[in-house]
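Data block below; observations after.
The values are calculated or read from the model by the stated rules, or taken from the named source; none is laboratory data. Fair warning: this is a prediction, and the values are worked out from it, not measured in the lab. A quick note on method: Cβ atoms are made from the backbone with ideal geometry, for glycine too, and the neighbour counts reach across all protein chains shown.
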Amino acid sequence: MSSDEQDLRRSAALGAALRTNRRTFLGGGAAGLGALALGSLSPALGGAKAPAAKAKAKRVISLFQSGAPSQFETLDPKPGLVDQFGQELPESVRKGQRLTTMTSGQSSFPIAPSKFGATRRGESGALMGDLLTHTGAIADKLCIVRSMVTEAINHDPAMTFAQTGSQLAGRPSMGAWLSYGLGSMNEDLPTFVVMVSSSATKQPLYARLWGSGFLPTRHQGVKLRSGEDPVLYLANAPGIDRARRRAMLDDLERLNGLREDEDPERDTRVEQYELAFRMQAAVPDLTDISDEPEAVLERYGPDVRRPGSFARNCLLARRMAERDVRFVQLFHMGWDHHGNLPKDLTKCVKDTDQPSAALVQDLEERGLLDDTIVVWGGEFGRTVYSQGELTKENYGRDHHPRCFPIWLAGGGFAPGVTHGETCDHAYNVVRDPVSTHDLHATLLHQLGLDHERLTYRFQGRDFRLTDVHGELVRGILA
């Protein structure tokens, strides 16, 4: 480290030392609110942040497949449906359940078996669609949940529900809750980072999906982009060098130190200025993959060399895990297959299957999987009946919230386990349903947090990620 950089770091430390009031205790430093998460009571902030048990994981990487992957071609195939091609879905299976307006007017609901095969994988014998070549190869490392259920039947409320525990916009996302409850594990990168990729841009993604809601805005996700400026407005303006920027921040800190009042949003801005200063050095190092061995790049697939691809984002997620970013959220758009499913879903699998498996293997080889949770899935499932015309080679599927699969790896989740069961038409759960609230409660448990005690007081009541719901799913824990 050069003497100039040492001087800048000393100056930054001096600026931080000036923050000796209450806001430093609550929000400053690498630990953030982590100390409060270990059992103290904070009425002003909304309740107790106490551990549920000894934490099995420290961080989460969420691989969210926006648009809702079909379970029939991925994690819950039903080979027996081949003999029922084109037959009418029995009303006894539908049981009067609601349909979207896209298919509610259909006069027929013909069964559409997957045109792709399915094979049992690994020693666990998990049945997976044959398209998932790479995911199938790591089947024994995965905990597959086939019995997820959600409340929403349309994309926006379902994605909002999956991220925040509520169909209504305005609640904090899970990454924001973790930032609030556990704080940061590093000094130079955000606690919560978001990246977006796409096979086909069909469903819009709104920044509120990684927002902080009513939590202080310092807990919201920071979007990492694929262009020349991975984080907008991070670079210094023309004519402002690093030393001058440091001096400006020190002067700003001194001015704020003269104020007697407390303003959380002002404090957030100052903290973000300081973080941005540190990120000016940390982000270029994070996004420069030239130091990655060729064998690692090949594992993630050819798209890893393309900025903005799901493969590149998976590699960056691993690099963030190494740098102790608490929550990494990857969104991949393009899974909304109401028609032309065989072609379009194949493209999504091509873009995501190999990188997802590579991420799990890479984390394991580096000793990071044990304390990192990787979770893969979408906002709901797909119907067994075809939307629109059905042929042997082409079909589409409508939204289906009553059952859908996800997989989890690492972080104390049981490898090689398949949890829950759906009916022969993958239309209803017949064993061990898992709600979105149950999943959130279990994820928080593995991170050492009690979902009933991680609360924040807003507009006269205590809010939490799981609202008034959620049960620990012990059957998926190691």
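Quick notes on this structure:
- Residue 457, sole failed condition from (1) among the charged types (D, E, K, R); (2) farther than 30 Å from residue 323 by Cα; (3) touching a Ser or Thr at 6+ places or on another chain (Cβ under 9 Å); (4) not in a loop (DSSP other than H, G, I, E, B): (3)
- Yes/no for residue 464 being more than 19 Å from the chain's Cα centre (by Cα) and at pLDDT 95 or above: no
- Per-region count, the range 72-89, residues surrounded by fewer than 16 Cβ atoms within 10 Å (Cβ to Cβ), closer than 25 Å to residue 145 by Cα and in contact with a strand residue (DSSP E or B) (Cβ under 8 Å, 6 or more places away or on another chain): 1
- Residue within the range 386-394 that is under 16 Å from residue 63 (Cα atoms) and among the β-branched types (Val, Ile, Thr) present: no
- Looking across 76, 83, one residue alone is charged (D, E, K, R), at pLDDT 95 or above, part of a loop (DSSP other than H, G, I, E, B) and out of contact with any helix residue (DSSP H, G or I) (no Cβ under 7 Å at 6 or more places or on another chain). It is 76.
- Criterion applied to 422, 436 was being farther than 25 Å from residue 185 by Cα, touching a Lys or Arg at 6+ places or on another chain (Cβ under 7 Å) and in contact (Cβ under 8 Å) with a residue 60 or more places away in the chain, and the one residue passing it is 422.
- The number of residues in the range 103-119 that are more than 32 Å from the chain's Cα centre (by Cα) and among the small types (Gly, Ala, Ser) comes to 3.
- Condition check for residue 209: hydrophobic (A, V, I, L, M, F, W, C), outside any strand (DSSP E or B), crowded, with 20+ Cβ neighbours inside 10 Å and on the phi < 0 side of the Ramachandran plot: yes
- Exactly one residue out of 454, 477, 449 is in contact with a Pro (Cβ under 9 Å, 6 or more places away or on another chain) and more than 28 Å from residue 82 (Cβ to Cβ), and it is 449.
- Between 59, 120, 94, the distinction of being closer than 24 Å to residue 148 by Cα, at pLDDT below 95 and not hydroxyl-bearing (Ser, Thr, Tyr) belongs to 94 only.
- Residue in the range 244-257 that is of a type outside the set (Phe, Trp, Tyr), farther than 22 Å from residue 229 by Cα, over 34 Å from the mean Cα position of the chain (by Cα) and assigned to a loop (DSSP other than H, G, I, E, B) present: no
- Leading residue by the ranking (nearest to the chain's Cα centre (by Cα)) among those in the range 258-281 that are free of Cβ contacts under 8 Å to residues at least 12 places away in the same chain and assigned to a loop (DSSP other than H, G, I, E, B): 263
- Strands (runs of 3 or more DSSP E) within the range 90-198 that include 2 or more residues buried (at least 19 other Cβ atoms within 10 Å of the Cβ), of a type in the set (S, T, N, Q) and in contact (Cβ under 8 Å) with a residue 24 or more places away in the chain: 192-198
- All positions within the range 355-390 that are surrounded by 23 or more Cβ atoms within 10 Å (Cβ to Cβ), part of a strand (DSSP E or B) and hydrophobic (A, V, I, L, M, F, W, C): 373, 374, 376, 384
- There is at least one residue in the range 465-475 that is assigned to a helix (DSSP H, G or I) and more than 18 Å from residue 62 (Cβ to Cβ).
- Residues satisfying the stated conditions in the range 332-354, i.e. closer than 25 Å to residue 178 by Cα and buried (at least 23 other Cβ atoms within 10 Å of the Cβ): 332
- Cβ-Cβ distances below 8 Å connect the following pairs, each with a first residue in the range 223-252 that is farther than 30 Å from residue 289 by Cβ and among the small types (Gly, Ala, Ser), a second residue that is part of a helix (DSSP H, G or I) and at pLDDT below 85, and a separation of six or more residues or different chains: 247/11.
- Filtered residue count, the range 301-316, keeping only those that are of a type outside the set (D, E, K, R) and free of Cβ contacts under 8 Å to residues at least 60 places away in the same chain: 5
- Out of 174, 185, sole residue that is under 26 Å from residue 351 (Cβ atoms) and either within 16 Å of the chain's Cα centre (by Cα) or not charged (D, E, K, R) (or both): 174
- Residues being of a type in the set (S, T, N, Q) and either more than 14 Å from residue 178 (Cα to Cα) or crowded, with 24+ Cβ neighbours inside 10 Å (or both) - total across the range 443-473: 2
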